[in-house]
Amino acid sequence: MEPSQTPKNRIQLIDALRGLCILLVVAYHTGYNLVFFELIPEETLYNPLLNTLQPLFAGMFILLSGVSARYARDNRTRGLRVLGCALVVSLATGVFGTPITFGILHCLGCCMVIGGEPSAWLDKIPRRLQPVLFGGLFVLCFMMFPMNDEAFAGVPYLYMFGLYSPEFKSMDYFPLLPWFFLYPLGAWLGLYIKEGRLPRWFYDVKVPILPILGRHTLVIYMLHQPVMYFAVMLLASIIQ
């Protein structure tokens, strides 16, 4: 959730995609608040369409983070910053009884720290093999993890890898298996983007508003839920 280029050579389309993702996250969490305060029916939020779109756009964050890794100077520092924010989210949500133990921020931070600088390890793998390898691993792990609670009742502390016990709770859950593999997949794509191999329109297209949101996704993510929660709570108190 960090800027992918310096101000002079930003690619607006990448920022716009990130901005669209954070906008949808805000919309989804607003819907969650509306359901929580019983202002809209549950089926408005929990339905097959949104159940599919939520992980799709969360996965886009991780993929774009991999793309950004090709431009960032210190990915591990970025990752530690994101993990610090994730810790704040865990503490805050735990107080309200809706813990986020290993959500999208936790996953993103770990991907940045583990993945580090792609040029140091990823470029040692043949470039043509990378999308097949990491795309295949993502699909394989997506089919395997997470499995049902009872299958891993004896391993209570492996939830970050998709193995969790019945006692595990996380309102937002994105384990490293399979989601980590989107990070090197994004870094593979990011190298092509950085080398200027995509069509010219990809670099020149101008998008209104969304790129601004995309440059501040971490701040928006950290602030939007408290603001929207209390706004919806105020609305509910007025209506009721």
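No value in this document is a laboratory result; all are computed from the given coordinates. Every value quoted in this text rests on a predicted model; they were computed, and no experiment measured them. Note: ideal-geometry Cβ built from the backbone for every residue, glycine included; neighbour counts use all protein chains shown.
Within the range 174-209, the set of residues being surrounded by fewer than 19 Cβ atoms within 10 Å (Cβ to Cβ) and either of a type in the set (F, W, Y) or in contact with a Leu (Cβ under 7 Å, 6 or more places away or on another chain) (or both) comprises Y192, W201, F202, Y203, V205, V207. For the range 179-229, a tally of residues being within 30 Å of L163 (Cβ to Cβ), assigned to a helix (DSSP H, G or I) and not small (G, A, S) returns 12.
Residues in the range 120-138 that are free of Cβ contacts under 8 Å to residues at least 12 places away in the same chain and in a helix (DSSP H, G or I): A120, W121, K124, V132, L133, G136. Would you check if there is a residue in the range 90-99 being crowded, with 20+ Cβ neighbours inside 10 Å, out of contact with any Lys or Arg (no Cβ under 8 Å at 6 or more places or on another chain) and not hydroxyl-bearing (S, T, Y)? No - not one qualifying residue is present in the range 90-99. Counting residues in the range 183-192 that are within 30 Å of G97 (Cα to Cα) and touching a Gly at 6+ places or on another chain (Cβ under 7 Å) gives zero. Look at (1) within 22 Å of L177 (Cβ to Cβ); (2) crowded, with 22+ Cβ neighbours inside 10 Å and you find that R70 fails only one, number (1).
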